[in-house]
Amino acid sequence: MAADATATNSTPYLSEPIREKIRAFIPRYPNKRAVTLPALHIVHEHFRCVPFGAMKEIAEILEIAPAEVHDTMSFYGFFPQAPIGDVRVWICRSISCMLTGGEEMLAHACKKLGVTSGQTTPDGKITLEFAECLGICDFAPAALSDDGRIFGPLTPATTDDMIEVLKQGPVADSPITPVIGRQ
Amino acid sequence: MAAFEPVLSRNWNVPDSHTLPVYESRGGYKASRKALTEMDPDKVVQVVKDSELRGRGGAGFPTGLKWSFLPKDRTQTFMCVNGDESEPATFNNRLLIERDPHQFIEGILIACFATKAATAYVYLRFEYIHAFRIMERAIADAREKGHLGKDIYGSGFDLEVYCHRGAGAYICGEETGLIESLEGKRGWPRIKPPFPAIEGAFRKPTVVNNVETLACVPHIIERGADWFKSIGTPKSYGPKLYCISGHVNKQVCVELPLGVTTNQLIEEHAGGVWKGRKAKAAVPGGISMGLLSAAEFDVPLDFEEIRKPGCLGLGTAAVTVMDETTSMVDYLYNSCRFFAHESCGQCTPCREGTGWLYKMMKRIKAGGGRLEDLDIMDNLAKNMGIMPGTTICGLADGAAWPVRNALAKFRGEIEDYIKTHQAPRYQVTPLQQAIAHGQSPVGSDTPMPDPTRRLPGPDLSTRATAHA
Ligand SMILES: Cc1cc2nc3c(=O)[nH]c(=O)nc-3n(C[C@H](O)[C@H](O)[C@H](O)COP(=O)(O)O)c2cc1C
Ligand code: SF4
Ligand code: FES
């Protein structure tokens, strides 16, 4: 057992380029702990989750206790510890979207994908989550994918279109206006 | 009054408005040059003070005054720009950053010069993915052209601006929650005092300002305090970006003088209420600010007047319109759910209060409401927040206000809902009834209690409250 533990310790989660990326943030702040959130984002972007081992390595780089990283990480309901799908999509359920049908669109998308909010489709392509106001209420009822694409105003038909588009995977660049809905 | 000329949004429809050459060609970075080369920091603070600019982030605190609270003998100052914009129905900061990032950077530059801050952190909510990309590029471009970096315009003033991305927590918009989050901790608001101006980020004097507040600053420097005060209503000067969404034909963000009315916003800018319907109510400035009934739609939306119909404040000036078919139960349910989800959990009255409010609304909506619930909710709402003095931050006040306003303005409707929506699964059984009365259930044939009758227990509606 002890030998095993040493073995996993010797193969770090974070590669040198990722560590370099994290270290590049250190000069921006008066102390290293402030790099926690940027580091979590870097790790999350790479692994699509923040594994426990990576959290320990972040702590080493920032010279803080792993518990401090965990404390911060767990406060935000943002960093899952098992990988999410290729695209993460949030459908808004706050006031303006709720009034214009957001809850129905969320239910529609869940049904269509066969998941409940917070789950990933079995093929690993899409993670569907509800969100509180996404700040795109001009397109309410609206959705946002984690590659920056905006969808809205959604109807059952455009929600279906959105799902089809999301199944193609993330994109590198997108316009600041919705890719589906009102352009 | 002269025709209103938009300034904050004047570049929004210009092609490539987010690029530095376009911004410079339209007179950009003139005000910052003027401030840094012709004025001293105290003079800039004085001009902003004279303009009576009030913070656009929610609380409406006078910006110049906030800057003057910084200790005179400080050696280091931080600027934190609040771009967490998570108040439901608000999206003007997003547009300001995406459409005109350099106006924003110019505002940061002048504000940092005035407050002697050499580092500015722009706290951006994670969901503003485009805004983040655009800001990163704009900062790099501005730096290359000498608007940021060392010895800007030969004035000897240095400034670095960094974007710091949030991770989906509403509470990180509260200024000390933001600072904690920036420091790499959980976004738990701090007990004040000390206020950030004395001890903020990294325990140094810190200014926290909203994106829109800082976007106003270059225009004040360029056109003067008197120009700014020629716009708006008394104690609420200047232009404001109003967001309108919900049951309207056109969901938009428009720049108008402070003090327009909800009616004007709906009719003149949002194309009227959708589907030819009539409006029933509106959220005046983000969901925390409470509720306006349609009869109150001619109240000016500024920092002062909006308090008269009982709203908490102007907030973010984000109006959500609800049409005549909207159930106030749905509205309250949505609001209570939001705050229960976003409470950071530090203060018991907020953590438990928002949770209870949500559970009660959930039960009422599902057909298990009792009229006395409304008294309990009202009581709860009156006792949570910084106003009754029971919590650390204003989230709890924001959670309480929709409840208080809805109960004051639409209680009849909610009572009717409770009376007409009674689901069998929520009915108190004869057994439960007997137990509650301390009777033996054997042989009890107590009828089903009707929702208007109180259940046994203390009468909360008559209990004295800290703040009635
Ligand atoms: C729960 C809560 C959430 C807040 N969220 C925001 C926000 O998202 N953006 C913002 O600018 N201010 C927000 N504020 C207000 C800030 O605490 C602070 O007053 C503001 O950023 C100060 O900037 P200003 O003076 O320029 O308005 C929030 C306040 C509270 C109590
Ligand atoms: S009032 Fe609520 S959100 Fe604010 S600090 Fe207390 S528990 Fe957290
Ligand atoms: S309320 Fe849905 S994006 Fe704002």
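The values are calculated or read from the model by the stated rules, or taken from the named source; none is laboratory data. Model, not experiment: these values are computed from the prediction. Quick reminder, even Gly has a Cβ in these numbers, built from the backbone with ideal geometry, and neighbours come from all protein chains shown. Side chains are part of the model used for accessible areas, which takes the heavy atoms of the whole protein and leaves out ligands, DNA and RNA. Shrake-Rupley method; radii C 1.70, N 1.55, O 1.52, S 1.80 Å.
The table below gives the values:
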{"quantity": "Residue count, segment A:159-179 (criterion: within 15 Å of ligand 3 (Cβ to nearest atom) and either surrounded by fewer than 21 Cβ atoms within 10 Å (Cβ to Cβ) or modelled with pLDDT under 95 (or both))", "calculated": "3"}
{"quantity": "Of the criteria (1) farther than 24 Å from B:K66 by Cβ; (2) at pLDDT 95 or above, which one B:G168 fails", "calculated": "(2)"}
{"quantity": "Lone unmet requirement of (1) within 18 Å of the chain's Cα centre (by Cα); (2) away from ligand 1 (no atom under 16 Å from the Cβ) for B:I231", "calculated": "(1)"}
{"quantity": "Condition check for B:V81: among the β-branched types (V, I, T) and within 16 Å of ligand 1 (Cβ to nearest atom)", "calculated": "yes"}
{"quantity": "Residue within segment B:152-165 that is among the β-branched types (V, I, T), open to solvent by less than 20 Å² (accessible area, probe 1.4 Å), farther than 30 Å from A:A140 by Cα and at pLDDT 95 or above present", "calculated": "yes"}
{"quantity": "Selected residue (only one of B:G315, B:G369, B:G285, B:G355 is open to solvent by less than 10 Å² (accessible area, probe 1.4 Å) and more than 16 Å from ligand 3 (Cβ to nearest atom))", "calculated": "B:G369"}
{"quantity": "Count of segment A:70-105 residues which are more than 30 Å from B:L332 (Cβ to Cβ) and among the hydrophobic types (A, V, I, L, M, F, W, C)", "calculated": "5"}
{"quantity": "Flag if B:A111 is open to solvent by 10 Å² or more (accessible area, probe 1.4 Å) and of a type in the set (A, V, I, L, M, F, W, C)", "calculated": "no"}
{"quantity": "Candidates B:T213, B:T176 - the one that is more than 21 Å from B:L96 (Cβ to Cβ), in contact with a Lys or Arg (Cβ under 7 Å, 6 or more places away or on another chain) and within 13 Å of ligand 1 (Cβ to nearest atom)", "calculated": "B:T176"}
{"quantity": "Residue pairs meeting the criteria (Cβ under 6 Å; at least 6 apart or on separate chains; first within 11 Å of chain A (Cβ to nearest Cβ) and more than 14 Å from B:S86 (Cβ to Cβ), in segment B:333-349; second within 16 Å of ligand 3 (Cβ to nearest atom) and open to solvent by 20 Å² or more (accessible area, probe 1.4 Å))", "calculated": "B:N334/A:M98"}
{"quantity": "Scan of segment B:388-414 for residues that are more than 16 Å from ligand 1 (Cβ to nearest atom), over 19 Å from the mean Cα position of the chain (by Cα) and surrounded by 17 or more Cβ atoms within 10 Å (Cβ to Cβ), ordered by number", "calculated": "B:L407, B:K409, B:F410, B:I414"}
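Here is a yes/no grid of residues against (1) without any contact (Cβ under 8 Å) to a residue 24 or more places away in the chain; (2) within 16 Å of ligand 2 (Cβ to nearest atom):
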site: B:S155; (1), (2): no, no
site: B:W188; (1), (2): no, yes
site: B:P193; (1), (2): yes, yes
site: B:E199; (1), (2): yes, no
site: B:L214; (1), (2): no, no
site: B:G224; (1), (2): no, no
